[in-house]
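A quick write-up on the structure given underneath.
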Amino acid sequence: MEIAALVAALIAVILVLLVVSRTVRIVPQARARNVERFGRYRKTLEPGMNFILPFVDRVKPLIDLREQVVAFRGQPVITEDNLVVSIDTVLFFQVTDPRAADYEIVNYIQAIEQITATMLRSVIGNMDLEQTLTSRDQINMRLRGVLDDASGKWGLRVTRVEIKAIDPPKSVIDAMEKQMRAEREKRAAVLTAEGVRQSKILTAEGEKQSSILRAEGERQGQILRAEGQAQAIGTVFQAVHEGDADPKVLAYQYLQTLPQLAQAQGNTFWVIPSEVTTALKTLSGAFSGSGEVAGPAVAGPAVAGPAVAGSPVAGPAAPAGSLPGGPPAVGPSPAEPPVPPAEAGSPGEEPVPATLTVPPTPNGVAENH
């Protein structure tokens with residue numbers, strides 16, 4: 001009897017435990033479970049501890065309420081310009097109604113995949129390849145709106161749709177690479193030309209500024225030199241006037257500059273000014289004390305040149321051994337009739353050249369010019 005009572009107690013304990021285990025259901029956080037009573041939806045168990053009627057209510061598998069990510073393999077899509085591209089998509093969704101997700105659709109993941117492929121063909125079919133490659137945001141927004149509306153009755157909420165990859169055909173990829181390479185070479189050539197142009201402009205601007213500054217410097221230098229020369233001339237002129245220089249000194253200075261005309265290399269011809277005779281007369285007067293030169297003519301090679309009208313050199317031939325303004329040299333007796341002087345410039349008569357003593361050249365020999 002004791003054994004029978006022990007077995008009965010053990011069976012009762014097992015039955016109690018079984019009833020308790022079938023009565024109490026613990027649902028994790030962000031999960032949900034639907035309960036059916038006699039095959040009909042009864043309620044949805046919330047996270048935490050829940051109680052049901054054992055052997056009457058049936059609890060269905062857990063439904064994840066967290067946001068889920070599903071990646072769909074490449075779908076072949078034809079663009080508006082008849083090019084087949086393969087598009088990989090990534091879908092983010094969340095179950096908002098466990099009852100609808102369990103009873104409105106058999107497999108909501110497969111349903112979302114198929115509706116995504118259908119909408120991709122509808123959206124991409126109205127775009128060419130260029131728009132497809134550059135309008136991913138627009139495609140994502142259109143897909144999200146359509147999928148959210150279609151999956152709303154399934155208790156799902158599509159939060160985001162992303163185009164993971166768009167793979168055109170190999171021939172199209174090669175053509176795109178060539179186009180991109182040509183475009184980059186064009187941009188490089190344009191940038192190089194712009195750089196050369198800018199460099200030339202800057203160089204020209206620098207040369208312009210340099211020329212302007214150089215011209216300004218030369219002008220300023222010429223102005224300063226002219227001012228210095230003017231100041232020097234004024235100082236000399238003032239000193240001459242204040243010192244009351246004798247004209248004889250000026251004539252001597254004038255004659256001192258004449259030999260410098262013949263000192264230049266290759267100078268084989270130089271012109272004697274008409275004022276030389278006046279200077280000689282003044283200088284000879286300074287030595288004689290009466291303004292005239294007495295004595296024989298100065299020996300030396302004569303400088304020949306055409307007579308100038310109105311100058312002391314032109315006129316009748318001077319007697320040998322005399323200078324203008326000096327005493328007459330020994331000549332024919334007064335009994336002989338004088339020879340009339342030849343007029344300057346008369347035909348058949350050559351004017352007598354003036355006689356001038358030329359200082360010797362640096363090699364010590366007087367040179368006839």
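What follows draws every value from the coordinates through simple rules; no lab data is involved. All figures in this text were calculated on a predicted structure; none of them were measured in a lab. All Cβ positions, even for glycine, are placed from backbone atoms using ideal geometry, and neighbour counts span all protein chains on display.
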Query raised in the report: Relative contact order of the range 66-168: what whole-number percent is it, with Cα pairs under 8 angstrom and at least 6 residues apart?
Result: 40 percent
Requested in this report: May I ask you to list the trypsin sites (Lys or Arg not before Pro) in the range 40-137 that are in a DSSP loop and have at most 15 other Cβ atoms within 10 Å of their Cβ?
Outcome: Arg66
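Given a Förster distance of 25 Å, report the FRET efficiency between Met180 and Val84 from their Cβ-Cβ distance, rounded to the nearest 0.05.
Values: r = 21 Å, r/R0 = 0.85.
After rounding, the FRET efficiency stands at 0.70.
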Query raised in the report: By how many nm would the segment from Ile173 to Val13 grow when fully extended, if each residue of separation counts as 0.36 nm and the alpha-carbon distance is taken off?
Result: 50.3 nm
Query raised in the report: According to a simple spin-label model (label point 7 Å from Cα along Cα-to-Cβ), what is the distance in nm between Arg66 and Arg136?
Result: 2.6 nm
Report task. Report the normalised scattering of the range 179-244 as log10 I(q)/I(0) at q = 0.14, 0.22 Å⁻¹, calculated by the Debye formula with identical scatterers on the alpha carbons. Result -> -0.68, -0.90
Requested in this report: Would you mind checking which residues have amide H under 5 Å from Arg37's amide H? H placed 1.01 Å from N; only 5 or more apart, or other chain.
Outcome: Arg42, Arg58
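Taking 0.36 nm per residue of sequence separation and subtracting the Cα-Cα distance, how much length would be gained by fully extending the chain between Ala226 and Ala204, in nm to one decimal?
Details: separation 22, 0.36 × 22 = 7.92 nm, distance 3.23 nm.
Between Ala226 and Ala204, full extension yields 4.7 nm more.
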Query raised in the report: Lys/Arg Cβ at +1, Asp/Glu Cβ at -1, dipole of the range 1-111 taken about the Cα centre: which of Val27, Pro98, Val84 is farthest positive-ward?
Result: Val27
Query raised in the report: With the dipole of the range 179-244 worked out from charges on the C-beta (+1 for Lys and Arg, -1 for Asp and Glu) around the Cα centre, which of Thr235, Val190, Ala215 lies farthest toward the positive end?
Result: Val190
Query raised in the report: Between Thr235 and Gln94, what is the label-to-label distance in nm when each label sits 7 Å out along the Cα-to-Cβ direction?
Result: 10.0 nm
